[in-house]
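K.L.:
Structure provided below as structure tokens; questions to follow.
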Amino acid sequence: MPESYRQELQSLKLFSGMEKDNFDALMRGAYVQNFPPRIDLISEGDAPDFLHVVLAGSVDLYCSWNGRETSMATVRPVSTFILAASVQNAPYLMSARTLEKSRIVLLPSEDVRTIFDRDGAFARAIVGELAQCYRSVVKNTKDLKLRTSLERLANYLLRQSGSTGAPSFELKMEKRRLASFLGMTPENLSRAFRGLEPYGVTVTGSRIEITDANDLTDFAKPSRLIDDYAS
């Protein structure tokens, strides 16, 4: 593996505290691969052969059942997926595919488990990342169960506006994927966008403009116990 990629990996909190010998041992079986867009990387139900780390591009995590499909999350650099399956040696609960040209590191799951047992800093970092993932799942579940579709969309737009620091921004995903992520149909999403117009939301293609953030915030009632995914 090129040294530049090793340095990128070592900058991740998951690997940064590892002993050098253990990090080197983990990297021995790792390799980097470039994938074109729309390539399936893993399928739910398969054995977790590798822990994946996204160095460039983006990856869609999604699930399907009974002819239906839903988007669960988008993974962007530099971050891992799906850590829990690799640690537990349990089947993947989600599938993954590239959304664009992506560079991904594949770490053998067996090596991850071996180093987990002998490197305390690595084990603690894994526990920390899994705890963060668990909290994110709880917040997402609260968002889906406690809010109407209109409220979910309003809070999503406020989070996106806050991350860009501007009242006008481009959606990070196509509307069909956004609808799936928010637990809506594309038709319901279109109606929800129209429903937010009285609260200062203007939609032009994939561009969103929030002309009255205070009015939208009063309607959405964002909560740090649901919308703050950093803690």
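K.L.:
Starting from region 1-25, keep only residues that are in contact (Cβ under 8 Å) with a residue 12 or more places away in the chain and over 15 Å from Ala56 (Cα atoms), then list their pairs with residues that are part of a helix (DSSP H, G or I) and among the acidic types (Asp, Glu) whose Cβ atoms are within a distance under 9 Å, requiring at least 6 positions of separation or different chains.
P.N.:
Lys13/Glu129; Leu14/Glu129; Ala25/Asp111
K.L.:
Might you let me know whether region 39-51 holds any residue that is in a loop (DSSP other than H, G, I, E, B), at pLDDT 95 or above and touching a helix residue (DSSP H, G or I) at 6+ places or on another chain (Cβ under 7 Å)?
P.N.:
yes
K.L.:
Another question, then. Could you tell me which of the residues Val127, Val137 is part of a helix (DSSP H, G or I), assigned by TED's automatic domain parsing to the domain that holds Val32, at pLDDT below 95 and β-branched (Val, Ile, Thr)?
P.N.:
Working: Val127 fails: at pLDDT below 95.
Only one candidate qualifies: Val137.
K.L.:
Something else: Considering each of Pro48, Pro91, Pro37 in turn, give the residue that is touching a Leu at 6+ places or on another chain (Cβ under 8 Å) and of a type outside the set (Lys, Arg).
P.N.:
Values: Pro48 fails: touching a Leu at 6+ places or on another chain (Cβ under 8 Å); Pro91 fails: touching a Leu at 6+ places or on another chain (Cβ under 8 Å).
None of the others qualify; the one that does is Pro37.
K.L.:
Would you point out which residue out of Lys172, Lys142 is in a loop (DSSP other than H, G, I, E, B), surrounded by 13 or more Cβ atoms within 10 Å (Cβ to Cβ) and of a type in the set (D, E, K, R)? If you could, list the steps in order and put the result at the bottom.
P.N.:
Details: Lys142 fails: in a loop (DSSP other than H, G, I, E, B).
Of the residues listed, the single one that is in a loop (DSSP other than H, G, I, E, B), surrounded by 13 or more Cβ atoms within 10 Å (Cβ to Cβ) and of a type in the set (D, E, K, R) is Lys172.
K.L.:
Output the residues belonging to region 185-202 that are among the hydroxyl-bearing types (Ser, Thr, Tyr) and closer than 16 Å to Ser161 by Cβ.
P.N.:
Step one: list which residues in region 185-202 are among the hydroxyl-bearing types (Ser, Thr, Tyr), which gives 185, 190, 199, 202.
Those that are among the hydroxyl-bearing types (Ser, Thr, Tyr) and closer than 16 Å to Ser161 by Cβ: Tyr199, Thr202.
The values are calculated or read from the model by the stated rules, or taken from the named source; none is laboratory data. None of the values given here were measured: they were computed from a predicted structure. For neighbour counting, all protein chains shown are included, and Cβ atoms are generated from backbone atoms with ideal geometry for every residue, glycine included.
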